[in-house]
Each structure stands twice: as C-alpha cells, then as structure tokens.
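Shown next, in structure tokens, is the structure this report addresses.
Please treat every number below as a calculation from the coordinates, not as lab data. All values reported here derive from a predicted model rather than from experimental measurement. Cβ sites come from the backbone with ideal geometry, for glycine too, and all protein chains shown count toward neighbours.
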Amino acid sequence: MNTRTLTFGLYADEEGLTWVRQLVADATTPRSARIIDTAVAHTLPGGMPTTEMYDILADQWGYENPGRNPGTRELVELRVRLACSLRTWRAIRKTLIRTLCPEGMAPHTCRVPWFAA
C-alpha cells in the first residue's frame, strides 16, 4: 500500500477540529486504510500562511453567521496521511466531502467551513 494524504483547509475551533478528525476516522475505519499521521498546520509546505490560502473560509463563516463571534476559530490545514490504495483514498475523500456539509445543493450553513485541497 502507498502513503497518500488527505488535505483540507478548515475554519474551525478545537471542537470543530475534533469533529472533523472523527469524521476522518469514521470514513477510514470500514475501509482497508490506516491513518498514519494527522497534523494541523498553520503554514503551507511552500511557506505561505494558511490565513492567506484559506481566508475565504473566514469570509464564508462571517456571511453565514452574521453578527456571531467566531470565538477561537482559526484558519488551518488538516493533513491526514493514510496507508491505502488510490481507489480507497478516493472513496474516503468522497465520503468526507459529503459528510463535512451534508445538506446537499440548497443554500445552508456548514458546521465547519472547509476547502478540499
């Protein structure tokens, strides 16, 4: 099996990060994949801060939650290294994208604004 990485930009607080990590575990467990490492980064591999790359997520949250205080939310990149096949990685990624904001195509508010990188 190869090592593959799932990468998501998030605008989340600690509770939101915990929820997303659980979604990853739930999507990975029933498949023949193993989580090798999980990291929360504030800087992208090229050195760019996540605040520059994912600033649209903070804007999205502010638009969807007018007047609400964002609290301790911050712009981060969640990187999850998996040992799995390409087919399994794609299935896990697809499941995560569906479960991060499951309400479908109608306008709605996501619990944690996200961006699949």
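Annotation: amide H of ASP13 within the under-5 Å range of GLU74, sequence separation 5 or more or interchain, hydrogens built in the peptide plane.
Amide H contacts for LEU82 (H built 1.01 Å from N in the peptide plane; partners 5 or more residues away or on another chain; cut-off under 5 Å): ARG4, THR5, LEU6, ILE36. I need the helices of the chain that pass two filters: whole DSSP H segments spanning 18 Å or more by Cα along the axis, and mean Kyte-Doolittle score no lower than 1.6. Result, helices passing both filters: zero.
When the charge dipole of the stretch 8-96 is built from unit charges on Cβ atoms (+1 for Lys and Arg, -1 for Asp and Glu) and taken about the Cα centre, the candidate among CYS84, GLY9, ILE36 whose Cα reaches farthest toward its positive end is CYS84. For the chain, taking a cut-off of 4.7 Å between Cβ atoms, the unpaired cysteines are CYS84. Whole-percent P(r), the chain, all Cα pairs, 5 Å bins from 0: 2, 11, 21, 23, 19, 14, 7, 2, 1, 0. For the stretch 2-116, the relative contact order works out to 48 percent when only alpha carbon pairs closer than 8 Å and six or more residues apart are counted. Taking amide hydrogens as placed 1.01 Å from N in the peptide plane, the amide H of THR43 sits under 5 Å from those of THR50, each at least 5 positions away in sequence or on another chain.
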